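Shown next, in structure tokens, is the structure this report addresses.
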Amino acid sequence: MIEAMKRGAAVTFAALVLIGCGRGTQPSQEAATPGAAQAIVTEAVTEYARPAKPSKAYRIGVSIPHLANPHYVGQAYGYIDEAQSLGAQVTLLEAGGYEHLDKQVSQVEDLIASKVDAIIIAAISGPGTVGAVEAAAAAGIPVINVNVMTDSDKVVTRIRSDDDVIGRMQADFMGERLKGAGNVVMLRGAPGTSWAEIRGNAFRKELATKYPNVKVLGEQYSQSTPVDGLRLMEDFLQTFPQISGVYNGADSTAVGAAQAVKGAGKAGAIVMTATDFQLDTEKFIREGVISASVLQQPVTMGRWGVRAAISYLEKKPVPPVMFTGLMTATKENLGNLDLTAVRAPAGWTPPAR
Amino acid sequence: MPAVIVALAIVFGSINPNFWSATNLANVSRQMSILALLALGQTFAILSGGIDLSVGSLLALVSVICAQQMKNFGLVEGIVAGILAGGFAGLVNGLIVARARVPPFIATLGMLVAARGAALTLSGGLPIAGLPREFLVLGAGYIGPFPIPTVIAAVAFVLAHGILRRTRFGRYVYAMGSNEEAAVLSGINVANYKMLVYITSGLFAGIAGVILTSRVISGQPTLGEVQELYSIAAVVIGGGRISGGVGGIGTTLMGVLVLGILGNGLNLVQVSSYIQNIVIGAIIVGAVYVDLARERRR
């Protein structure tokens, strides 16, 4: 078993040229997570322990873009489970999709009005949430920013994946698999989100510097749903028959795009990289349609969000930036991944609200 | 309908006392102001026997144009450009309905799709950030204890009520909606007044779009999805007749209040947003049913 895990890690390492020397800080490290290679490049905090249980039962409001994919369900589980451990009560509000910015703004206002002790937000839009976040800060409610960044600097801390690394890992995998030459298209994900911007830009930059003969033919933003991924990828395949690689900033577009690639009979012939790990992503990796996916740890994001909120309320110092871990899933290491930080437990559903 | 509103407020207030807090009342009224402005325009369209499906997408188009012009030319120029963009889109709707005689449902459905496309094209699909911070005041500021959007919506209500009740245009709106043929025969220039109806609706959407742009302090091409349907719902819930001629600013205000209080109250008492949609759907149909039943009994 241990051997298998080590092999899994080794394979992932071989497949990926892990990055980390770029910023002159820490080189990449092998993760404690079995069977997974983890690349963390950072000045940010990468471990964050649970604080002592406070004597007060705090009320924490959480606003997330939606609950329509397993990433946010995992995050919801993180918030709720961690709050239980710390004796806090979570009000979880979801806006119903990245297109409903106005709804998220209203929900944050409702949380302010119901006088929660702290607000945790995964921002639908960086610029679009500035007003709402500053209204909370002005009302004396601390704001913890998780996963998707707001442009406001009135936040206690920012907890997210190192999105730059997610983009570069996909570029390196792509460059290696394509042996340094090919034509790729990009499905960036939801427009105006920090993750779509940072990941996509890092992917382009890494390709341009390390694999100049891998060309980006086109890119599209879309809501992160399978339907959008399917539609855009079908169109890409028509426009550019010479596509040899597909980048995905989000897992839901990847699932749709994989269907399009499979439907076109090009499974395996096109290198597909993705982010995150829903059940369909796993299935397509097993089938060899998706070549690799960079897994975030949404459950950890949720847990750390609640920890940061409570630490702040208990007047303990909170680090300003924290990066949760990453690992890479490929066909070779599928059986060896520790998914406790990636997915909610099987059968868990978010409370009906 | 007023009884329903009072009942809703009492129920929500007893479950979560914060419902009655000054912060929350300011909050609800501010959130309602966008829907209120759209519903005002929709009231003109529906009363006249038409409909305006484009108002939701117009929010996005106005938002993008307002943000771009504001970055290029300045605060006031951006606001004016946004409102005018709404009015211009309304003029196009009006021309197609009144001159080309395309049914309003189809004409404004076309605008719904095209305006969204224009918003995405102009912005490249991305939000437009970097607006001056003073602009935030429009959406987030207060005049005395009242949020600025609430004040704007209130003024708009009074103004619209005045137009409908005290001007020739207002009387003709009712006349066209009650019986268009009779209106034509009695010498009303129906085509001109129809154009005015859609320009009015577009201008209200323009004002709403500018306020929404301030609330999210950026130009956003994805704003306003399905808002046109909520604006229609607001008109009919209060008792406006969907085929025109019956209703007014008062009934629309009732509809806006019901939808606004429901949305905020259900959030405050922590009802799932999925269940909220079911409740709101049921209320739209239920309210109209009760209204019709009462009418039949008379």
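The values are calculated or read from the model by the stated rules, or taken from the named source; none is laboratory data. What you see is a predicted model; the values in this text were computed from it and never measured. Note that each Cβ is placed from the backbone with ideal geometry, even for glycine, and that neighbours are counted across all protein chains shown.
A few points about this structure:
- Residue count for the stretch A:281-326 satisfying the condition of being of a type outside the set (D, E, K, R) and assigned to a helix (DSSP H, G or I): 17.
- Of all the numbered requirements in (1) on the phi < 0 side of the Ramachandran plot; (2) within 14 Å of chain A (Cβ to nearest Cβ), B:Gly240 misses one, and that requirement is (2).
- Candidate set: the stretch A:138-156, residues that are hydrophobic (A, V, I, L, M, F, W, C) and within 12 Å of chain B (Cβ to nearest Cβ); chosen: the one nearest to the chain's Cα centre (by Cα): A:Ile141
- Unique residue being at pLDDT 95 or above and either touching a helix residue (DSSP H, G or I) at 6+ places or on another chain (Cβ under 6 Å) or assigned to a loop (DSSP other than H, G, I, E, B) (or both) when the list is B:Ile199, B:Ile261: B:Ile199
- For B:Ile217: the one exception among (1) of a type in the set (Val, Ile, Thr); (2) outside any helix (DSSP H, G or I); (3) surrounded by fewer than 18 Cβ atoms within 10 Å (Cβ to Cβ): (3)
- Applying the criterion of being assigned to a loop (DSSP other than H, G, I, E, B) and out of contact with any helix residue (DSSP H, G or I) (no Cβ under 7 Å at 6 or more places or on another chain) to the residues of the stretch A:130-169, the residue that is nearest to A:Arg204 (Cα to Cα) is A:Asp162.
- Only one of B:Glu180, B:Glu228 that is crowded, with 24+ Cβ neighbours inside 10 Å, among the acidic types (Asp, Glu), in contact (Cβ under 8 Å) with a residue 40 or more places away in the chain and over 30 Å from A:Thr349 (Cα atoms): B:Glu228
- Positions within the stretch A:132-166 being among the hydroxyl-bearing types (Ser, Thr, Tyr) and closer than 18 Å to B:Ile217 by Cα, in sequence order: A:Thr150, A:Ser152
- Candidates in the stretch A:185-238 are the residues that are surrounded by fewer than 20 Cβ atoms within 10 Å (Cβ to Cβ) and not in a helix (DSSP H, G or I); of these, the one that is nearest to the other protein chains (Cβ to nearest Cβ) is A:Gln220.
- Options B:Asn18, B:Asn72, B:Asn24: the member that is of a type outside the set (Asp, Glu), in a helix (DSSP H, G or I) and more than 14 Å from chain A (Cβ to nearest Cβ): B:Asn72
- Candidates B:Gly206, B:Gly162 - the one that is assigned to a helix (DSSP H, G or I), closer than 15 Å to B:Ser57 by Cα and modelled with pLDDT of 95 or more: B:Gly206
- For B:Ala22: the one exception among (1) under 24 Å from B:Val279 (Cβ atoms); (2) of a type outside the set (D, E, K, R); (3) out of contact with any helix residue (DSSP H, G or I) (no Cβ under 9 Å at 6 or more places or on another chain): (1)
- Scan the stretch B:113-152 for residues that are in contact (Cβ under 8 Å) with a residue 40 or more places away in the chain, touching a strand residue (DSSP E or B) at 6+ places or on another chain (Cβ under 6 Å) and surrounded by fewer than 20 Cβ atoms within 10 Å (Cβ to Cβ) and the total you get is 1.
- One residue alone among A:Gly74, A:Gly96 is within 9 Å of another protein chain (Cβ to nearest Cβ) and closer than 26 Å to A:Asp228 by Cα, and that residue is A:Gly96.
- Any hit, the stretch B:251-269, residues being within 14 Å of chain A (Cβ to nearest Cβ), in contact (Cβ under 8 Å) with a residue 12 or more places away in the chain, of a type in the set (S, T, N, Q) and under 27 Å from B:Pro17 (Cα atoms): yes
- The listed residue being touching a Leu at 6+ places or on another chain (Cβ under 7 Å), within 14 Å of B:Phe44 (Cβ to Cβ), surrounded by fewer than 21 Cβ atoms within 10 Å (Cβ to Cβ) and away from chain A (no Cβ under 14 Å), out of B:Gly170, B:Gly247: B:Gly170
- Residue among A:Ile80, A:Ile119, A:Ile60 that alone is away from every other protein chain (no Cβ under 11 Å) and assigned to a helix (DSSP H, G or I): A:Ile80
- Single match in B:Phe44, B:Phe88 (criterion: surrounded by fewer than 24 Cβ atoms within 10 Å (Cβ to Cβ), assigned to a helix (DSSP H, G or I) and not polar (S, T, N, Q)): B:Phe88
- If only residues of the stretch B:20-41 that are among the polar types (S, T, N, Q) and touching a residue at least 40 places away in the same chain (Cβ under 8 Å) are counted, the one that is surrounded by the most Cβ atoms within 10 Å (Cβ to Cβ) is B:Ser33.
- Among the residues here, B:Gly110 qualifies as surrounded by fewer than 24 Cβ atoms within 10 Å (Cβ to Cβ), within 30 Å of B:Asn179 (Cβ to Cβ) and at pLDDT 95 or above.
- Which listed residue, of A:Thr209, A:Thr193, A:Thr239, A:Thr225, is modelled with pLDDT under 95 and within 18 Å of A:Gly167 (Cα to Cα): A:Thr193
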